[in-house]
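Notes to accompany the following structure.
The values are calculated or read from the model by the stated rules, or taken from the named source; none is laboratory data. It should be emphasised that the depicted structure is a prediction, and the values quoted were computed from it without experimental measurement. When we count neighbours, we look across all protein chains shown, and the Cβ atoms used for this are built from the backbone with ideal geometry, even at glycine. To get the accessible areas, we keep the full protein, side chains included, count just its heavy atoms, and leave off ligands, DNA and RNA. Shrake-Rupley method; radii C 1.70, N 1.55, O 1.52, S 1.80 Å.
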Amino acid sequence: LVTRLDAEKRVDLLFDALDRCPALRAMHFDIYGTGALGRALRARGAACDNVHFHGFHADMPAALAAADLLLHTCPTEPFGLVVLEAMASGLPVLVPDTGGAGDLVIPGLTGLHYRAGNAEDLAARLLAVDHMLPWSLNAMVHQARLDLVHRFGRVRRLDDYRRLLLTEVSAP
């Protein structure tokens, strides 16, 4: 996870999933970020040997490159830039099915969804990802990169800005 440690980001959902699904204890989770709930979340994570808090990290591209998956827990994110950054770095993503992050992912094609706010579904999806074949994850990463260029590349965004400017300039 790369996030602010604030209530709306729902990092607590990971701990709810860990509480409900002991099989997740075999996975390793790194949490990057700081925020108002940092102390409370660290206290809750103290009993979890597989969860590590790193706070601010100056070299997030390197941290993403070392990861196997980006887990995004915020169900109300208006956009989800970290999701696009993960896709660009070749990292599969698991995001809630709501909010901007949910809109960025085409389930099963460019990443995976879980039901927002649902710890049981998050746990099930994490276990499913853990059992996915490498070629399947690689295909998702490849498609995410293609989609990233198609939807958010410079040429596409420049065309959008041109249309916006022409509309505003020609408006009465």
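The figures follow:
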item	result
Sulfur and carbon atoms: percent of accessible area, the stretch 27-75 [1.4 Å]	58 percent
Solvent-accessible surface (1.4 angstrom probe) belonging to residue 19, in square angstrom, nearest 10	100 Å²
Candidates per chymotrypsin sites (Phe, Trp or Tyr not before Pro) in the stretch 70-172, loop by DSSP, up to 16 other Cβ within 10 Å	79
Choice from 153, 99, 38 showing the highest fluctuation, given a GNM over the chain with Cα pairs closer than 10 Å	153
Average accessible area per residue (Å²) across the stretch 18-96 - probe 1.4 Å, nucleic acids and ligands excluded	51 Å²
Protein accessible area in the stretch 87-172, 1.4 Å probe - carbon and sulfur %	62 percent
The chain, helix-only ellipticity at 222 nm - DSSP H runs n ≥ 4, -39,500 (n - 2.57), divided by all residues, nearest 500	-15000 deg cm²/dmol
Rounded to the nearest 20 debye, dipole of the stretch 1-105 from Cβ charges on Lys, Arg, Asp, Glu	320 debye
